[in-house]
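A short worksheet on the structure shown next.
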Amino acid sequence: MIGARQLRSFLIGWRVSAALFSERLIFPEVPSISDWRMAGHRGALIVLEGADRAGKSTQARRLVEALRNQGYQAEGMRFPERTTEIGRLVGSYLEKKSNIEDHTVHLLFSANRWEHVPLIKEKLKSGITLVVDRYAFSGVAFTSSKENFSLHWCKQPDVGLPKPDLVVFLNITPEEASKRGDYGTERYETSDFQKKVQKRYAELMDDKSLNWKVVDAAQSMEDVHNAIKQLSEAIITEARHQPVGKLWAED
């Protein structure tokens, strides 16, 4: 039979052993899927381009949501970004509320992108993938579709912007686009002008230094989304260890 003194010694010894044992069994916190995917890696810069009413804004929102559901850090961005002073000038012009000389408005579009470069770089560095609805390519394609504007001149203000890892071009005919809601409410939404824009995009896509992918935007919304999502997930993995390049810097 165990005496009181022996029982007390046993309990003290057990407590000490248990404390030491528990210290040895402290496991590190298991990181979340998102932490594991993004630790030490940059985010990807994904751009959606295309003529007006191709579905870029809808697909950009859906892509951000889908990536987040997969555990990625993802945010959306849209150009022109109309909340800044420059952006409001551009917005007023597009909504036909004001007139601005063509060279001037082209430079304003570019300035609107440049004023967001620090934020873009910060987001990418922190591991956030950015899904951008329109970028420099839109500015170049639209302005160079006007008379007396060369593709080369139109590209110059945007030389050196963060280079996208993926540019998805949503391809749709002007005739099909004109059937979609609210077509014609903004300045450039006419079939003749949109045909010129499509030709300029085709010239831009000849640049093999950029990762252009074409998706048929006349498909169902779900098919378009799935195609973009598949391309995006692949490029997020590919871009994570690569530095962010500079757009058209080699031209």
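Figures for the structure shown
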item	result
Portion, in percent, of the accessible area of segment 98-176 that falls on carbon or sulfur, probe 1.4 Å	55
Share of alpha-carbon pairs per 10 Å distance bin for segment 91-246, given as whole %	9, 35, 38, 18, 1
F169 long-range amide H proximity, modeled H, under 5 Å	E49, K213, V214, V215
Burial ranking of peptide ranges 215-222, 227-234 (average Cβ count within 10 Å, highest at the top)	227-234, 215-222
Karplus 3J(HN,Hα) series, Hz, for segment 147-160 with 6.51 cos²θ - 1.76 cosθ + 1.60 (x for Gly, Pro)	5, 6, 10, 8, 4, 4, 4, 5, 7, 4, x, 9, 4, x
5 angstrom amide H check on L247, placed H, neighbours 5+ away	G160, L161, K163
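The values are calculated or read from the model by the stated rules, or taken from the named source; none is laboratory data. Just so it is clear, the model here is predicted, and its values are computed rather than measured. For neighbour counting, all protein chains shown are included, and Cβ atoms are generated from backbone atoms with ideal geometry for every residue, glycine included. Surface areas here come from the heavy atoms of the whole protein model, side chains and all, with no ligands, DNA or RNA. Shrake-Rupley method; radii C 1.70, N 1.55, O 1.52, S 1.80 Å.
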